[in-house]
Ligand SMILES: [Ca+2]
């Protein structure tokens, strides 16, 4: 019993640095009716804000092939993140209204070129 308690206390203590790290990250924020992409994971570093009203919008040079996290604040429109491959927009991410992804995964990381309607 004591061993279990000690192990539990150690586990709890080990979580403290993680919580402190999370608290340092900027809070998630994406303007209403827009999609936002960030260069870093957990919605950090450079951000680009894209209107949800366009069929699709190419990313600026700062975020092209750079995004690692993204989120959507659209009301109803499902939005997709695309990678341009041989002149075609290939879907690498799908964002339902209000959806956010702190890490897009190895398959989509640093590949995004455009955002638009799915
Ligand atoms: Ca790309």
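Judged by the mean number of other Cβ atoms found within 10 Å, the most tightly packed of the peptides 52-58, 110-116 leads the ranking 110-116, 52-58.
At full extension, residue 88 and residue 57 could sit 9.8 nm farther apart than now, given 0.36 nm per residue minus the alpha carbon distance.
Tell me, what is the FRET efficiency for residue 109 and residue 33 to the nearest 0.05, using R0 = 22 angstrom and their Cβ-Cβ distance as r? Walk me through the intermediate numbers first.
Working: r = 26 Å, r/R0 = 1.18.
Computed FRET efficiency for residue 109 and residue 33: 0.25.
With q set to 0.22 Å⁻¹, the log10 of I(q)/I(0) for segment 26-117, from the Debye formula over equal scatterers at the Cα positions, is -1.02.
Return the distance in nm (one decimal) between the two label points of a simple spin-label model at residue 65 and residue 77, each offset 7 Å from Cα along Cα→Cβ. In this crude label model, residue 65 to residue 77 measures out at 2.7 nm.
Any read-out appearing in this document is the output of simple, stated calculations on the displayed coordinates, not a laboratory observation. Here the structure is a predicted model, which means the values were calculated and not measured. As a convention, Cβ positions derive from the backbone with ideal geometry for all residues, glycine included, and neighbour counts pool all protein chains shown.
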